[in-house]
Amino acid sequence: MVTTASILIKGLRHIYSIYYSMEDVVIEGMNDSGILRNGISHLRQVFFTGNHEKRTEKHFADVVGGAAGKRINMFLQIIKVAD
């Protein structure tokens, strides 16, 4: 049985196998527009590239779909401060 946690770990492994950091994914998504919302949306798309159950997507805000994305924004701010 595939659990939500295993899908989330698989998504993180996918990101870190291709990119140096999640920030790199966000920046890649912002390249055309410079808008953070597009970068976060791109991060979500890359994260859910592999096979996953639709129900796991609720754990990662879809900012383009209208979600506020407060948790992901706070997470990105914490990571930026840690650098």
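Filtering region 1-26 to residues that are assigned to a helix (DSSP H, G or I), within 12 Å of the chain's Cα centre (by Cα) and hydroxyl-bearing (Ser, Thr, Tyr) leaves only 16.
When region 44-83 is limited to residues that are part of a helix (DSSP H, G or I) and in contact with an Asp or Glu (Cβ under 9 Å, 6 or more places away or on another chain), the one that is surrounded by the most Cβ atoms within 10 Å (Cβ to Cβ) turns out to be 44.
Among the residues that make up region 27-36, is at least one of them under 21 Å from residue 5 (Cα atoms) and either assigned to a helix (DSSP H, G or I) or out of contact with any helix residue (DSSP H, G or I) (no Cβ under 9 Å at 6 or more places or on another chain) (or both)? Within region 27-36, none of the residues are under 21 Å from residue 5 (Cα atoms) and either assigned to a helix (DSSP H, G or I) or out of contact with any helix residue (DSSP H, G or I) (no Cβ under 9 Å at 6 or more places or on another chain) (or both). When restricted to residues that are in contact (Cβ under 8 Å) with a residue 24 or more places away in the chain and under 12 Å from the mean Cα position of the chain (by Cα), region 61-74 contains 4.
Of the residues contained in region 35-56, one or more are found to be more than 14 Å from the chain's Cα centre (by Cα) and at pLDDT 80 or above. Once region 6-18 is narrowed to residues that are without any contact (Cβ under 8 Å) to a residue 12 or more places away in the chain and of a type outside the set (Lys, Arg), the residue that is farthest from residue 78 (Cα to Cα) is 6.
The values are calculated or read from the model by the stated rules, or taken from the named source; none is laboratory data. Note that the coordinates shown come from a computational prediction; the quantities given were computed from them, not determined experimentally. When we count neighbours, we look across all protein chains shown, and the Cβ atoms used for this are built from the backbone with ideal geometry, even at glycine.
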